[in-house]
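**Q** Pasting in a structure now, in structure tokens, and then I'll have a few things to ask.
The values are calculated or read from the model by the stated rules, or taken from the named source; none is laboratory data. Predicted, not measured: the structure shown is a model, and the values here were computed from it. Virtual Cβ from ideal backbone geometry, glycine too; neighbours counted across all protein chains shown. When the accessible area is computed, the model is the full protein with side chains, heavy atoms only, and any ligands, DNA or RNA have been set aside. Shrake-Rupley method; radii C 1.70, N 1.55, O 1.52, S 1.80 Å.
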Amino acid sequence: MKTVQIRNLTLGTGKPALCLPIVGQTQDDICRQAEVIMKHPADIIEWRADWYDELQNITQLNKTAELLREIIGDIPLLFTIRTINEGGKCDLSFDAYRRILLEISKNSCIDAIDTEILISTEKEIKALICALKKNVVVIASSHDFNRTPDSGVITGRLSYMYQCGADICKMAVMPKNTTDVLTLLSATNEATKRLNCPVITMSMGKMGLISRISGETFGSALTFGCVGTPSAPGQINASELDTILNLLHKNL
């Protein structure tokens, strides 16, 4: 499987990278959260900009990105707008969504951008990913907060992301029972064999906790922890998650 470099981080080999989200509504909130995160283990930081009051103000977005870079130093920064349809906080037209992503991708403080794969047509998504890849690493994503699709649907969607040009393919699903969790893990294992890129998957909620710590076994290259407010159901405290990941890595 091909690895992907995001600043000083290599994804797709060894222990899953630990990503910690920032979910502040104001610039002050965002900077304070970043300062707190810097006291915890983090391989990459996700700025969940859909929480930000100034999301559609490109000038303010760039200023906040620069302040974040000053705080986090050389840690990779992932920029994400999570829409309401995929569990996020904002409702944007595709044109507005695309405009923001393209503009912020020009800022050298941003290392990677999340792109929702189902937000528009295949043609428009491919064009957006192609444009973004001129400046940043692209993580294509899909989230199902209602259910866990069949294994074939999960692997098929991850394959679609790869075919659209994504550097990294991510899918999160909600389990209703333990069989659903096994379905997600099996699909992850299969996708890592099929695709020549890192894969990120998770089964959300308490029932899916095992998927957040077992990436090195089943093939998920990154896992999300939290410091304070979680950005998705089932995220584990960052320090505890780091301890578990290190323990598993040491004994695998």
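**Q** Do you know which residues across the stretch 118-135 are within 27 Å of residue 8 (Cα to Cα) and crowded, with 22+ Cβ neighbours inside 10 Å?
**A** Result: 128, 132.
**Q** Let me ask something additional. Being under 30 Å from residue 103 (Cα atoms) and in contact with a Lys or Arg (Cβ under 9 Å, 6 or more places away or on another chain), is that true of even one residue in the stretch 151-158?
**A** Within the stretch 151-158, one or more residues are under 30 Å from residue 103 (Cα atoms) and in contact with a Lys or Arg (Cβ under 9 Å, 6 or more places away or on another chain).
**Q** Spot the failing condition for residue 4; the list is (1) free of Cβ contacts under 8 Å to residues at least 12 places away in the same chain; (2) under 16 Å from residue 112 (Cβ atoms), and only one is missed.
**A** Among (1) free of Cβ contacts under 8 Å to residues at least 12 places away in the same chain; (2) under 16 Å from residue 112 (Cβ atoms), the lone unmet condition for residue 4 is (1).
**Q** Here is a further query. Kindly provide the set of residues from the stretch 76-104 that are under 16 Å from the mean Cα position of the chain (by Cα) and surrounded by 20 or more Cβ atoms within 10 Å (Cβ to Cβ), ordered by number.
**A** Scanning the stretch 76-104 gives 76, 77, 78, 79, 80, 81, 82, 88, 101.
**Q** Can you find, within the stretch 16-72, the residue that is most open to solvent (accessible area, probe 1.4 Å) among those that are among the acidic types (Asp, Glu) and under 17 Å from the mean Cα position of the chain (by Cα)?
**A** Let us first name the residues in the stretch 16-72 that are among the acidic types (Asp, Glu), namely 28-29, 35, 43, 46, 50, 53-54, 66, 70.
Still in the running and under 17 Å from the mean Cα position of the chain (by Cα): 43, 46, 50.
Details: 43: 58, 46: 5, 50: 10 Å².
Among them, the one singled out is 43.
**Q** A further question on this structure: Hey, can you tell me all the residues within the stretch 115-155 that are in a loop (DSSP other than H, G, I, E, B) and aliphatic (A, V, I, L, M)?
**A** Once the filter is applied, which keeps residues that are in a loop (DSSP other than H, G, I, E, B) and aliphatic (A, V, I, L, M), the stretch 115-155 yields 117, 118, 119, 136.
**Q** Within the stretch 161-185, which residues are among the hydroxyl-bearing types (Ser, Thr, Tyr) and either touching a Lys or Arg at 6+ places or on another chain (Cβ under 7 Å) or within 13 Å of residue 199 (Cβ to Cβ) (or both)? Lay out the reasoning, then the answer.
**A** Taking the stretch 161-185 as the starting set, the residues that turn out to be among the hydroxyl-bearing types (Ser, Thr, Tyr) are 162, 178-179, 183.
Within the stretch 161-185, 162 is the sole residue that qualifies.
**Q** Please give the helices (runs of 4 or more DSSP H) falling wholly within the stretch 198-252 in which 3 or more residues are closer than 26 Å to residue 166 by Cα.
**A** Values: elements: 209-213, 215-218, 238-251.
Of the helices (runs of 4 or more DSSP H) lying wholly inside the stretch 198-252, those with at least 3 residues that are closer than 26 Å to residue 166 by Cα span 209-213, 215-218.
**Q** Further question on the same structure: Among the residues of the stretch 186-197, what is the count of those that are assigned to a helix (DSSP H, G or I), touching a strand residue (DSSP E or B) at 6+ places or on another chain (Cβ under 8 Å) and open to solvent by 10 Å² or more (accessible area, probe 1.4 Å)?
**A** Residues of the stretch 186-197 assigned to a helix (DSSP H, G or I): 186-194.
Checking which are touching a strand residue (DSSP E or B) at 6+ places or on another chain (Cβ under 8 Å) leaves us with 187-188, 191-192.
Then drop every residue that is not open to solvent by 10 Å² or more (accessible area, probe 1.4 Å), which leaves 192.
Count: 1.
**Q** Return the residues of the stretch 199-247 that are among the aliphatic types (A, V, I, L, M), farther than 24 Å from residue 176 by Cα and open to solvent by 70 Å² or more (accessible area, probe 1.4 Å); say none if nothing qualifies.
**A** Result: 247, single match.
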